[in-house]
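The values are calculated or read from the model by the stated rules, or taken from the named source; none is laboratory data. Only a predicted model underlies this, so the values are computations on that prediction, with no experimental measurement involved. FYI the Cβ positions are ideal-geometry reconstructions off the backbone, even for glycines, and counts take in every protein chain you see. Keep in mind that these areas ignore ligands, DNA and RNA; they rest on the heavy atoms of the full protein, side chains included. Shrake-Rupley method; radii C 1.70, N 1.55, O 1.52, S 1.80 Å.
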Amino acid sequence: MFDVMQVARQLKSAVLADPERFYSNETGAWVAGLPRPQEIRVVTGREPFWINLGYWRDVERVDETNCERVGDLFKAAQAQMAHLLARTARLSERDVVLDCGFGYADQDILWAEEYRPARIVGINVTPNQVRVGKERVKLTGLEDRVRLEVGSATQIPFGDGEFDVVFALESAMHFRTRGDFLREAFRVLRPGGRLVMADMCQKTDRESGAGLRRRLRHRYWRGRIAFPEANVWTTQRYLTELNIAGFHQGKLESIASDVYPAVNTALAALRGMTAAEREPGSVTVAKVREDVRRARQMEFEQLQWLTLFNCDEYAVVSAEKP
Ligand SMILES: C[S@@+](CC[C@H](N)C(=O)[O-])C[C@H]1O[C@@H](n2cnc3c(N)ncnc32)[C@H](O)[C@@H]1O
């Protein structure tokens, strides 16, 4: 039956484009198989709760033969995204790091343990994620090197020049605005400091030529995932904004082909396997394999990041403060 209240809630989310609201109530409902906020149970602190799309270049891709293992493959790809950013930043033991938008802190635990920077400070606007992150940091014995708090990347609660590296792993598309974040990141970096991000944008302008109906549709769906219109940038605009903020050596390295198609297939598998697990008998593994096969055959232009959000680029963004 047509649920007026649900439609009203969805419209409100689209208009507010509020990441805290999105990450407190709606993730998981959106991406079946990703943890819903109320399902997070911390036991050892090491159970992974990543919420990025994954970097799949060196990870076994999901297909009809391995879809039962989608959970593990997805998490491996998500961890690879954190490794990619660490390598891009040349993260070392000397570095004091600011991490903006850390989810449930998987990346901070990984960086602290595997790259051993001097200190990591994380800020995040979603209080429940900060609470879970802190609990995990305590359980993993990293409290002396990782500090997490509620705060916004657009009003960074630290002084000028305090950090060697600023990270934003698949979070900057939410910041209101990404431009404000670039200025703040520049301020809190020391001269020679590095900004490294994983982020979505458009290879070239996909908006201006579109008709009103299509523009409204993209605006609605972007709002639903808390992606404000002010952040709809092309690669060229991104480079210009890095420059305006004062950064040098701005670069966007495309990894779109190692992100979007593979995660699209993974999500098809995850949806099916999660449904089979939550309601046994509702979906057969044969049906999941069929969905996965269909997902693998999709053209790039059919993927949801293009059809809903109009983003065809996923890039590792890097720049230095002179
Ligand atoms: C797609 S999730 C990525 C989480 C994490 N990086 C990961 O890979 O698992 C985006 C994150 O950005 C955070 N976020 C959104 N807007 C923010 C802001 N203005 N300041 C700090 N964090 C923000 C959200 O709460 C969420 O944790």
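What pairs can you find where one residue is in region 257-282 and free of Cβ contacts under 8 Å to residues at least 60 places away in the same chain, the other is outside any helix (DSSP H, G or I), and their Cβ atoms are less than 7 Å apart, with a gap of 6+ or different chains?
Pairs that qualify, where the first residue is free of Cβ contacts under 8 Å to residues at least 60 places away in the same chain and the partner is outside any helix (DSSP H, G or I), are 261/303; 264/298; 264/303; 276/282; 276/283.
Got a sec? Which of 142, 148 is surrounded by 18 or more Cβ atoms within 10 Å (Cβ to Cβ), over 22 Å from residue 197 (Cβ atoms) and hydrophobic (A, V, I, L, M, F, W, C)?
None of the other options fit; the residue is 142.
Looking at 62, 70, which is the one that is buried (at least 23 other Cβ atoms within 10 Å of the Cβ), in a loop (DSSP other than H, G, I, E, B) and away from the ligand (no atom under 16 Å from the Cβ)?
Unique residue meeting the criteria: 62.
Among 287, 251, which is over 29 Å from residue 223 (Cβ atoms), open to solvent by 60 Å² or more (accessible area, probe 1.4 Å) and in contact with a strand residue (DSSP E or B) (Cβ under 7 Å, 6 or more places away or on another chain)?
251
Out of region 73-102, which residues are open to solvent by less than 10 Å² (accessible area, probe 1.4 Å) and either in contact (Cβ under 8 Å) with a residue 60 or more places away in the chain or β-branched (Val, Ile, Thr) (or both)?
Across region 73-102, the qualifying residues are 74, 77, 81, 82, 85, 89, 95, 97, 98, 99, 100, 102.
Please determine whether any residue of region 279-287 is of a type in the set (S, T, N, Q) and at pLDDT below 95.
So far as region 279-287 goes, yes, one or more of its residues are of a type in the set (S, T, N, Q) and at pLDDT below 95.
Considering every residue within region 234-252, establish whether at least one is closer than 22 Å to residue 14 by Cβ and of a type outside the set (Phe, Trp, Tyr).
There is no residue in region 234-252 that is closer than 22 Å to residue 14 by Cβ and of a type outside the set (Phe, Trp, Tyr).
Identify, by number, the condition in (1) within 18 Å of residue 181 (Cβ to Cβ); (2) part of a loop (DSSP other than H, G, I, E, B); (3) in contact with a helix residue (DSSP H, G or I) (Cβ under 6 Å, 6 or more places away or on another chain) that residue 122 doesn't meet.
(2)
For the list (1) buried (at least 17 other Cβ atoms within 10 Å of the Cβ); (2) small (Gly, Ala, Ser); (3) touching a helix residue (DSSP H, G or I) at 6+ places or on another chain (Cβ under 6 Å); (4) under 28 Å from residue 179 (Cα atoms), I need the number of the one condition that residue 269 fails.
Evaluating residue 269 over (1) buried (at least 17 other Cβ atoms within 10 Å of the Cβ); (2) small (Gly, Ala, Ser); (3) touching a helix residue (DSSP H, G or I) at 6+ places or on another chain (Cβ under 6 Å); (4) under 28 Å from residue 179 (Cα atoms) leaves (4) as the failure.
Take residue 118 and tell me if it is under 30 Å from residue 291 (Cβ atoms), aliphatic (A, V, I, L, M) and open to solvent by 30 Å² or more (accessible area, probe 1.4 Å). Steps first, answer last, please.
Working: under 30 Å from residue 291 (Cβ atoms): no; aliphatic (A, V, I, L, M): yes; open to solvent by 30 Å² or more (accessible area, probe 1.4 Å): yes.
Considered against the rule, which asks whether it is under 30 Å from residue 291 (Cβ atoms), aliphatic (A, V, I, L, M) and open to solvent by 30 Å² or more (accessible area, probe 1.4 Å), residue 118 comes out as no.
Any residue that is part of a strand (DSSP E or B), under 27 Å from residue 23 (Cα atoms) and open to solvent by 10 Å² or more (accessible area, probe 1.4 Å) - is there at least one of those in region 226-235? Don't jump to the end; show me each part of the working.
Step one: list which residues in region 226-235 are part of a strand (DSSP E or B), which gives 234.
After this cut, where a residue has to be under 27 Å from residue 23 (Cα atoms) as well, the list is 234.
Narrowing further to those that are open to solvent by 10 Å² or more (accessible area, probe 1.4 Å): 234.
Looking for residues that are part of a strand (DSSP E or B), under 27 Å from residue 23 (Cα atoms) and open to solvent by 10 Å² or more (accessible area, probe 1.4 Å), one finds at least one in region 226-235, hence yes.
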